[in-house]
Amino acid sequence: MEYLVYISIGFFLGGITGFFITKIFNKRYLQDRISSADKILIDAQIEAENIKNNKILQAKEKFLDLKSQHEKYILSKEAENKEKKQNLKLKESEVDLKSKKIEKLKLDLEDKIKTFNKKNDSIDKKKLEIDKIQKNQIKEIEKIAGYSANQARDELLKVLKDEVRSQALEISQNIIDEAKLSAKQEAKKIVITSIQRLGTEEAIDNCVSVFNIESDDIKGRIIGREGRNIKALESATGVEVVVDDTPEAILLSCFDSVRREVARLSLKKLVTDGRIHPARIEDVVKKTSKEIENEIVEIGKRTVIDLGIHGLHPKLIKAVGRMKFRSSYGQNLLQHSKEVAKLCSIMASELGLNTKLAKRAGLLHDIGKVPEEESETPHALLGMQWAEKFGEKGDVCNAIGAHHDEIEMSNLLSPVVQVCDSISGARPGARRQVMESYIQRLKDLENVAYSFDGVNKAFAIQAGRELRVMVESEKIDDQMSKKLSFEISQKIQNEMTYPGQVKVTVIRETRAVNVAT
C-alpha cells in the first residue's frame with residue numbers, strides 16, 4: 001500500500017512539473033509568435049506607405065499631364081474664336097458694303113422709273129397723234145379710191161382667199177407629215193418591241209379532223225348494218241362522218257370544233273371498246289360531251305392561271321375555254337386571244353398603262369364569238385354585254401366593245417386592244433384570207449382613187465398596203481398632186497376598213513412626144 005501511495009505521489013508530482021514546464025514553453029512560443037507578427041505588420045505598413053507614395057506621385061504626374069492638355073485645348077479654342085471673330089468682322093463689313101450698294105441701286109431704279117414714266121407719257125401722246133394722222137390719211141385714201149376700208153378689205157379677202165386656202169392646206173399637210181413622222185417612229189418602236197418580246201405560233205385550224213384506224217376492217221363495223229351506226233353517230237354529234245377509200249383513216253367534217261372533238265373522242269372509245277351499236281354510241285357521245293365540258297373549264301382555268309389573271313367569273317372562264325375549239329379565218333381563237341393579251345400587256349407597259357387591265361381586256365376581247373346560243377348581236381357588243389354582266393371594269397368593257405369601232409372609245413386601253421388585235425390577225429400566216437374579200441378590198445381601194453377628177457390610172461399593190469395613182473399632167477399640177485394624195489388618204493381612212501396602213505402615192509408625169517418624118 002505504501003508502495004502504491006509513493007507511486008501515485010510520484011505521478012502527481014511529475015504531472016505538476018510537466019504542467020509548469022509546458023506552460024513555460026508555451027509562453028516562450030507565444031512571445032516568439034507575437035514578435036514575428038509585429039515584424040510582419042511593420043513590414044506591411046512600410047510597404048503600404050511606399051505604395052501610397054508611388055500612387056500619389058503617379059496621380060500628380062497624371063494631373064499635370066491632364067492640366068497641360070486642358071491648357072492646350074483652351075489655347076486652341078481661343079485661337080479659333082479669334083479667327084471666327086475676325087471672319088465675322090469681315091462679313092459684317094461686306095454686308096455693310098452690299099447694303100450701301102443696294103441703297104444706291106434703289107435710288108438709281110427710282111430715278112429710271114421716273115424717267116420711264118415720263119417717256120411713256122410722251123409715247124402715249126405721240127400714239128394719239130399718230131392715230132389721228134392715220135385716220136385722216138385713211139379718209140383721204142377712201143376719197144381718192146372711191147372705196148371704204150371695209151369694201152377694200154372684202155375685195156382683198158376675195159383675191160387672197162384661194163392663195164390662203166392653198167397655203168393653209170400646205171401648212172396643215174406639213175404639220176401632219178411632221179406629226180406622222182414622229183408618231184410613226186414612236187409607234188413603230190412600241191409595236192416592234194412588243195412583237196419582238198412575244199413568241200407567236202402560226203397554226204391554221206381546218207374544218208376536217210382525221211381519225212386514224214389500225215385497219216380498214218373497222219370501217220365496216222363503224223358503218224354498221226345498213227349504215228345504222230354511222231347514222232346514229234352523225235345524229236348524236238352533228239358531224240358528217242366520211243368513210244371513203246382513204247386508207248386507215250376516217251374524216252370528220254364540221255365547222256364546230258367542239259362537235260368534231262366529241263365525235264373523234266367518241267369514235268376512239270367505241271373502237272377501243274369494240275362494242276359499236278346505236279344505243280352504245282348515244283351513251284358514249286353523252287359521256288364524251290360531259291368530259292369535253294369539263295375539259296373546256298379546265299382549259300379556261302389553265303389559260304387564266306398562265307396569264308396571271310385573277311378574279312375572273314366562272315362563266316367567263318368557261319367562255320375562254322370554249323375559244324380553244326373555235327377558229328377565226330383559220331386562226332385558233334384561244335391562241336389569238338392569248339397572243340393579244342400578251343401584246344396588250346407589253347404595249348401597256350411601254351405606254352405606262354395598267355398592264356393587268358390591258359391583259360384582261362386582250363384575253364376577253366373575242367368572247368362574243370363563242371356564245372352557247374346563236375345571236376345576231378355583233379361579237380364585240382355581245383362580249384361587252386357579257387363582261388358588264390359578270391362584273392368587269394368599265395375600261396375593260398369599253399375596250400371589248402370598241403375593238404371593231406361598234407362603240408366610241410372612252411379610254412386608252414381601247415386603242416391598245418384594237419391595235420394588238422390587228423397585229424395578231426395581220427401577222428403573215430396567222431389567218432387565211434378569203435380570195436373574194438381580198439380582191440374586193442383591192443377594187444375598193446382603186447375605186448376610191450378613180451372617184452377624184454384628173455386620175456388616169458390607179459393600182460393597189462403590195463397586197464393592198466400601197467395605192468399608186470397616175471394623174472393627167474394637163475389637169476393636175478405639182479401642187480394639186482400633193483393635195484390629191486392627202487384627200488385620197490383621208491377618204492380611205494374615213495370610208496374603208498383595212499388592217500395596218502395604206503400608203504398613197506400620186507405620180508404626175510409629163511411626156512413630150514414628137515415624130516420625125
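Nothing in this text is a laboratory measurement; each read-out follows from the coordinates by a stated rule. Only a predicted model underlies this, so the values are computations on that prediction, with no experimental measurement involved. Cβ sites come from the backbone with ideal geometry, for glycine too, and all protein chains shown count toward neighbours.
Order of 502-515, 335-348 by packing, highest average Cβ count within 10 Å first? Mind showing how you got there, number by number?
Details: 502-515: 11.4, 335-348: 24.9.
Sorting 502-515, 335-348 by mean packing, highest first, produces 335-348, 502-515.
What does the charge count near Asp65 come to, summing +1 for each Lys or Arg and -1 for each Asp or Glu among other residues with Cβ under 13 Å from its Cβ?
Working: positive: Lys60, Lys62, Lys67, Lys72; negative: Glu61, Glu71.
For residues surrounding Asp65, the net value is +2.
Take every Cα pair under 8 Å in the stretch 435-508 that's 6+ residues apart, average their separations, divide by the length, and report that relative contact order as a whole percent. Display every interim value, and only then the final one.
Working: 94 pairs, mean separation 23.7, N = 74.
The value is 32 percent.
Sticking with the crude label model, points 7 Å out along Cα→Cβ, report the distance from Phe390 to Ser473 in nm, one decimal please.
6.4 nm
Find the relative contact order for the stretch 265-400 and round it to a whole percent, using C-alpha pairs within less than 8 Å whose residues are 6+ positions apart. Present the calculation step by step, with values, prior to reporting the outcome.
Working: 147 pairs, mean separation 23.7, N = 136.
It comes to 17 percent, rounded to a whole number.
What dipole magnitude, in Debye to the nearest 20, does the stretch 435-508 give about its Cα centre under +1 on Lys/Arg Cβ and -1 on Asp/Glu Cβ?
Working: 11 positive and 11 negative charges, 43 e Å.
It comes to approximately 200 debye.
So how strong a dipole does the stretch 327-432 carry about its Cα centre when Lys and Arg Cβ are +1 and Asp and Glu Cβ are -1, to the nearest 20 debye? Numbers along the way, then the final one.
Values: 11 positive and 14 negative charges, 119 e Å.
Computed about the Cα centre, the dipole is about 560 debye.
If I stretch the segment between Glu376 and Gln86 completely, what's the gain in nm (0.36 nm per residue apart, minus their alpha carbon distance), one decimal? It would help to have the intermediate numbers written out before the result.
Values: separation 290, 0.36 × 290 = 104.40 nm, distance 9.45 nm.
Length gained, Glu376 through Gln86: 94.9 nm.
Lys/Arg Cβ at +1, Asp/Glu Cβ at -1, dipole of the stretch 203-307 taken about the Cα centre: which of Val258, Ile299, Ala236 is farthest positive-ward?
Ala236
Too long at a 31 Å Cα-Cα cut-off: which of Lys268/Lys301; Lys338/Lys483; Lys338/Lys389? Could you put the intermediate results ahead of the total?
Numbers: Lys268/Lys301 26 Å; Lys338/Lys483 43 Å; Lys338/Lys389 22 Å.
In this structure, Lys338/Lys483 exceed 31 Å between Cα atoms.
Sorted by mean Cβ packing within 10 Å, highest first, what order do the peptides 108-120, 392-404 take? Before the final figure, lay out each step's value.
On the way: 108-120: 10.2, 392-404: 22.9.
The peptides rank, most packed first, as 392-404, 108-120.
Starting from the Cα of Gln45, step 7 Å along the direction of its Cβ; do the same at Glu509; then give the gap between the two resulting points in nm.
Between Gln45 and Glu509, the simple spin-label model gives 14.0 nm.
Calculate the dipole size of the stretch 203-307 relative to its Cα centre from +1 charges on Lys and Arg beta carbons and -1 charges on Asp and Glu beta carbons; express the result in debye to the nearest 20. Provide the component values of the computation, followed by the final result.
Working: 17 positive and 20 negative charges, 91 e Å.
For the stretch 203-307, the charge dipole is close to 440 debye.
Whole-Hz Karplus ³J(HN,Hα) for the stretch 82-93, in order, using 6.51 cos²θ - 1.76 cosθ + 1.60 and θ = phi - 60°, x for Gly and Pro?
5, 4, 4, 4, 5, 4, 4, 4, 4, 5, 4, 5
Across the stretch 278-290, in residue order, what do the Karplus-derived ³J(HN,Hα) couplings come to in whole Hz, using 6.51 cos²θ - 1.76 cosθ + 1.60 with θ = phi - 60° and x for Gly and Pro?
x, 5, 5, 4, 4, 5, 5, 5, 4, 4, 5, 4, 5
Can you tell me which lysines have their Cα less than 28 Å from the Cα of Lys101? Leave out same-chain residues fewer than eight positions away.
Filter leaves Lys84, Lys85, Lys89, Lys91, Lys112, Lys114, Lys118, Lys119.
I need to check one value: relative contact order of the stretch 274-331, counting alpha carbon pairs closer than 8 Å and at least 6 residues apart, in percent.
35 percent
For the pair Tyr73/Asp444, report the inter-label distance in nm, with labels modelled 7 Å from Cα in the Cβ direction.
Between Tyr73 and Asp444, the simple spin-label model gives 9.4 nm.
Each residue of the stretch 331-348 in turn: what ³J(HN,Hα) in whole Hz from Karplus with 6.51, -1.76, 1.60 and θ = phi - 60°, glycine and Pro shown as x?
So the Karplus estimates, Gly and Pro as x, are 8, 4, 5, 5, 4, 5, 5, 5, 5, 5, 4, 5, 4, 4, 5, 5, 5, 5 Hz.
Name the residues whose placed amide hydrogens come within less than 5 Å of the amide hydrogen of Glu466, ignoring near sequence neighbours (fewer than 5 apart) on the same chain.
So Glu466 has HN proximity to Ile461, Lys503.
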